[in-house]
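Visitor: Sharing a structure here in C-alpha cells format.
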Amino acid sequence: MVQIKKKYLSYSEYAKASPREIVDPKLLDEAVRLTAYEFRSGYFVNDGKMNFQFKAFPKEVQFAPVNSITTTDINNDKFEDIIIAGNYFESNIQLGKYDASYGSLLTNNGKGSFEYMLNQKSGLYITGQVRDIKKVQVEGIEYFMFARNNDRIQVFKVNRK
C-alpha cells in the first residue's frame, strides 16, 4: 500500500506502530475479521460419514509454497501417490524468494498417510516456479510435464523400477 510505504520508511518504524496508527481506525472497526489456524499444506481424509480430518504433508513439503498437485501410482502398489511442486519468487526483495522446493514425491503407505521420498531417490529435480503439473502418455509411456512461470516446461519420464 503506497500510503503506508510513504509513512513508514523503515521496517523498524513499521514494526513499532499499532494497527490503529497504520490504518484509519474507522476502517479497522468496519473490517471483516477472519482467523486462520492452519498454514501447512496437507490433505483431508474422509471417514465416509462426511467427517474430514486434516493431515499435514511431511515437513519437507512445507519448505516452499505448493502450487500444483497430481496423483499417480508411481510404485505399482495399487495406492495413489502424490507429486507436488511449487515455489514463489514474487515476494518483496527483503523477504527473498520462496524457492526451497525441487518437487516432492509422496508415497502412499495404504494406511491414510504419505511418506516423503528423497529427491535423489525419486529423481525429481524441478527448478523454478511450478504453476501446473500435467500427466501425459505417449506410446504407453507416462510423463509428467511441469509448467514453470516464465520458463520452459520441464518433463520427467516415469520409471517404475
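Please treat every number below as a calculation from the coordinates, not as lab data. Everything numeric here is computed off the predicted structure, so don't read it as measured data. Positions of Cβ are backbone-derived with ideal geometry, glycine not excepted, and every protein chain shown enters the neighbour counts.
Visitor: Net charge within 14 Å of residue 149 by Cβ-Cβ distance, Lys/Arg positive one each and Asp/Glu negative one each, not counting residue 149 itself?
Guide: Working: positive: 97, 131, 148, 152; negative: 90, 99, 132, 151.
With Lys, Arg at +1 and Asp, Glu at -1, the neighbours total 0.
Visitor: Using Cα positions and a limit of under 18 Å, work out the lysines in reach of residue 5, with same-chain residues fewer than 8 apart set aside.
Guide: In chain and number order, the partners are 16.
Visitor: Among 118, 66, 149, pick out the residue whose Cα is farthest towards the positive end of the charge dipole of region 59-157, where Lys and Arg carry +1 and Asp and Glu carry -1 on C-beta, about the Cα centre.
Guide: Selected residue: 149.
Visitor: By count of other Cβ within 10 Å, fewest leading, how are 29, 81 ordered? Before the final figure, lay out the partial values.
Guide: Working: 29 8, 81 20.
Going from sparsest to densest Cβ surroundings: 29, 81.
Visitor: Quick one: net charge of residue 68's neighbours, Cβ under 10 Å, K/R +1, D/E -1? Show your work: numbers first, answer last.
Guide: Details: positive: 131, 134; negative: 132.
Neighbourhood net charge equals +1.
Visitor: Quick one: if you stick a label point 7 Å off each Cα along the C-beta vector at residue 159 and residue 8, how many nm between them?
Guide: Taking the simple label geometry, residue 159 and residue 8 are separated by 5.1 nm.
Visitor: What 222 nm value per residue comes from the helices of the chain, counting each DSSP H run with n ≥ 4 as -39,500 (n - 2.57) and dividing by all residues, nearest 500 deg cm²/dmol? All intermediate terms of the calculation are to be shown ahead of the outcome.
Guide: Details: 5 runs with 26 residues, N = 161.
Dividing the helical sum by the residues of the chain leaves -3000 deg cm²/dmol.
Visitor: Sticking with this one: At a 10 Å Cβ-Cβ cut-off, how would you order 118, 106, fewest neighbours first? Don't skip to the end; give the middle numbers.
Guide: Numbers: 118 10, 106 23.
Listed from fewest to most nearby Cβ atoms, that is 118, 106.
Visitor: Translational D (Stokes-Einstein, µm²/s) of the chain at 4 °C and 1.567 mPa s when Rh comes from the Kirkwood sum over C-alpha pairs?
Guide: The estimated diffusion coefficient comes to 68 µm²/s.
Visitor: What is the magnitude of the charge dipole of the chain about its Cα centre, with +1 placed on the Cβ of each Lys and Arg, -1 on the Cβ of each Asp and Glu, and no other charges, expressed in debye to the nearest 20? Write out the running numbers ahead of the final one.
Guide: Details: 23 positive and 19 negative charges, 42 e Å.
Roughly 200 debye for the chain.
Visitor: What is the sum of charges, Lys and Arg at +1 and Asp and Glu at -1, for the other residues whose Cβ falls under 12 Å from the Cβ of residue 129?
Guide: Details: positive: 97, 131, 148; negative: 90, 99, 132, 151.
For residues surrounding residue 129, the net value is -1.
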